[in-house]
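Enquirer: Sharing a structure here in structure tokens format.
Just so it is clear, none of the values below were taken in a lab; they were calculated from the coordinates. In this text the structure is predicted, and so the values were computed from the model without any measurement. Note that each Cβ is placed from the backbone with ideal geometry, even for glycine, and that neighbours are counted across all protein chains shown.
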Amino acid sequence: MITTATGLPFVPLRESDELGAAARSVKGAKWWTQVGSRVYHSPEAPSRLSTNINDYYYAMGSEGALTDELMRQRVGGEGRVHIFHLPKSRGGPSMLQTSLRGRTRRSSLSDFKRLPMGVDIKTQFPEYTGESNYSNPLSSAGQHVEVAAVAEVTKESFSEYLTKLVALTTRSYNSKKGTSEAVSLLKSEFEAMGMTVCTQGSGIMNVVGFVPGTSTGNVVVGAHYDSRPFSGAAPGAEDNGSGTAALLAMARAFMKTKVKPEKNVYFVAFGGEEPGLLGSTEFAGSISENNGQEIPAECRQAHSLEPDSTTAIIMDEIGWVSPSMKDRTVNLEAYDWTKDLMEHLVHSCHDHNGDSLKVVHNNAPFGSDHMCFLDRNMAAVLTINGDDEAYPNYHQSSDTIENVDMQYASEIAKMNMGALIRVAGVHSHSTGSSLSGHHHHDHTHSLMDTGP
């Protein structure tokens with residue numbers, strides 16, 4: 001547990017305690033907030049710490065993300081939740097927040113949020129069950145297409161692709177040979193499926209499989225293919241061979257089922273995530289800043305790629321089942337304003353996996369390729385292990401295929417596949433008519449109109 005020389009006072013929470021009861025018993029306490037098993041409360045004067053709750057912020061993230069400056073400002077927390085003393089008189093959180101963007105999973109923090117009064121800040125992500133009045137936006141015929149496509153995403157197809165990926169000695173950004181071999185493998189696999197294939201970038205190379213839509217709008221399915229450590233053997237089976245194998249399995253199922261989407265669909269293997277979200281920054285930035293003009297012409301429609309009609313489903317670390325968790329769990333990580341996309345994901349999971357996966361939601365996102373879309377106001381959800389922080393082989397040569405649960409990963413891929421088809425929509429092959437139901441609408445666009 002991280003400690004600082006001088007921190008916020010707290011009292012341990014007993015199971016019988018009402019939230020705040022213990023803190024209210026502390027003489028002079030003006031406010032209190034629970035984090036995990038602790039109830040923090042206002043400090044007594046005199047103290048180096050402010051008694052004003054508005055001078056305190058919290059963020060979600062790994063201990064490894066805490067710089068020396070952040071450590072000096074950290075005054076409490078538990079697990080992934082950290083409380084910081086950032087009084088306005090010293091500039092507040094703004095001077096620290098900018099340095100946290102563009103960093104990867106265990107070197108990042110979520111956005112700073114003001115410490116709330118009298119709230120239980122969860123150190124474990126809460127379960128996400130979805131709305132009871134949700135209905136699949138596809139017509140009956142469209143739903144048949146969805147079922148057929150999801151059925152083609154199997155444990156065997158996932159395992160086949162993961163085996164090919166980890167057979168490369170390394171896919172590290174630092175290895176020109178490893179990157180070249182990875183790009184060559186990805187291109188050949190996409191081409192074998194019969195889709196249009198493009199690369200974006202030079203040193204950092206994104207590999208794009210493109211399926212044109214019959215209307216406007218875009219859906220991105222993304223995963224970074226590069227691995228760590230930066231030198232030596234880097235099989236990167238869990239991080240992020242698992243996400244990339246799922247990307248390929250979904251792409252093959254999509255093409256094998258001959259899905260004709262209403263929206264353009266981009267299957268993107270991002271390069272350079274590990275040195276700082278480089279590939280996803282380039283791809284998302286090309287949509288946000290110049291309407292996709294940096295994406296090769298053969299991989300975009302004649303009309304421009306508009307940010308407010310783009311949705312992204314991102315996969316990172318989806319293959320390791322934590323032994324410390326009671327249930328096999330997948331985390332949907334995104335801001336709450338992406339709710340429509342999360343609803344498609346959770347209900348797809350229920351429909352295609354039954355109760356084999358528990359779905360949780362972290363609404364304080366950080367540290368992976370989804371941030372490049374979210375930071376540009378494009379709806380994006382990261383699907384990731386429920387307990388990714390605990391993976392013991394992170395960024396090590398021991399991140400081997402034996403650590404990956406093929407069934408678990410394929411179930412996450414099935415969830416994402418169902419959501420992809422619901423968001424992209426389906427057109428009939430014979431008549432060209434829409435197989436989306438009459439109640440279907442562009443959920444993401446309505447979200448984007450209101451903003452985060």
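Enquirer: Can you tell me the orientation of helix 278-290 relative to the chain, as the angle in degrees between its alpha-carbon axis and the longest Cα principal axis, to the nearest 10?
Expert: Once rounded, one gets 80 degrees.
Enquirer: By its C-alpha gyration tensor, with a ≥ b ≥ c as the square roots of the eigenvalues, how is the chain shaped: rounded for a/c under 1.5, else prolate for a/b larger than b/c, else oblate?
Expert: Taking the square roots of the gyration eigenvalues as a ≥ b ≥ c, the chain is prolate.
Enquirer: Specify whether the C-alpha gyration tensor of region 237-311 places it in the rounded, prolate or oblate class, a ≥ b ≥ c being the square roots of the eigenvalues: rounded for a/c under 1.5, otherwise prolate if a/b is larger than b/c and oblate if not.
Expert: oblate
Enquirer: Could you tell me which residue out of Thr169, Trp320, Leu374 lies farthest along the dipole of region 140-450 toward its positive end? Charges go on the beta carbon: Lys and Arg +1, Asp and Glu -1, centred on the Cα centre.
Expert: Selected residue: Thr169.
Enquirer: If you don't mind, another one. Considering all alpha-carbon pairs of region 66-140, what whole percent are spaced by more than 16 angstrom?
Expert: Result for the distance tail: 63 percent.
Enquirer: If you add up the charges near Leu8, with Lys and Arg at +1 and Asp and Glu at -1, over every other residue whose beta carbon is less than 15 angstrom from its beta carbon, what do you get?
Expert: With Lys, Arg at +1 and Asp, Glu at -1, the net is +3.
Enquirer: Would you list Tyr161, Tyr40 from fewest to most Cβ contacts within 10 Å?
Expert: Working: Tyr161 22, Tyr40 27.
So the residues, fewest neighbours to most, are Tyr161, Tyr40.
Enquirer: What ranking do Met371, Met195 get, fewest neighbouring Cβ atoms within 10 angstrom at the top? If you can, show how the numbers build up before the last one.
Expert: Details: Met371 26, Met195 19.
With the sparsest Cβ surroundings first, the list reads Met195, Met371.
Enquirer: Mind putting a number on the dipole of region 140-450 about its Cα centre? Charges go on the C-beta only, +1 for Lys and Arg and -1 for Asp and Glu, and I need it in Debye to the nearest 20.
Expert: 780
Enquirer: Rank by packing, highest mean first: peptides 415-423, 83-91, with packing defined as the count of other Cβ atoms within 10 Å averaged across residues.
Expert: 415-423, 83-91
Enquirer: Follow-up. Taking the beta-carbon count within 10 Å as an exposure proxy, list Glu289, Glu160, Glu189 from fewest neighbours to most.
Expert: Final ranking by Cβ density, sparse to dense: Glu289, Glu160, Glu189.
Enquirer: Then there's this: State, as an integer percentage, the relative contact order of the chain based on alpha-carbon contacts under 8 Å between residues 6 or more apart.
Expert: Once divided by the residue count of the chain, the mean separation gives 19 percent.
Enquirer: What is the gain in length, in nm to one decimal, between Ser188 and Lys113 on full extension, counting 0.36 nm per residue of separation less the C-alpha to C-alpha distance?
Expert: Full-extension gain reported as 22.5 nm.
Enquirer: Rounded to the nearest 500 deg cm²/dmol, what is the calculated helix-only ellipticity per residue at 222 nm for the chain, with -39500 (n - 2.57) per DSSP H run of length n ≥ 4?
Expert: Using -39500 (n - 2.57) per qualifying helix, the result is -9000 deg cm²/dmol.
Enquirer: Next up: Relative to the first principal axis of the alpha-carbon coordinates of the chain, what is the inclination of helix 242-256, with its axis defined by its Cα atoms, in degrees from 0 to 90 and to the nearest 10?
Expert: Helix 242-256 sits roughly 30 degrees off the main axis of the chain.
Enquirer: Just to confirm the number: angle between the C-alpha axis of helix 155-166 and the first principal axis of the chain, 0 to 90 degrees, nearest 10?
Expert: Compared with the principal axis, the helix lies near 80 degrees.
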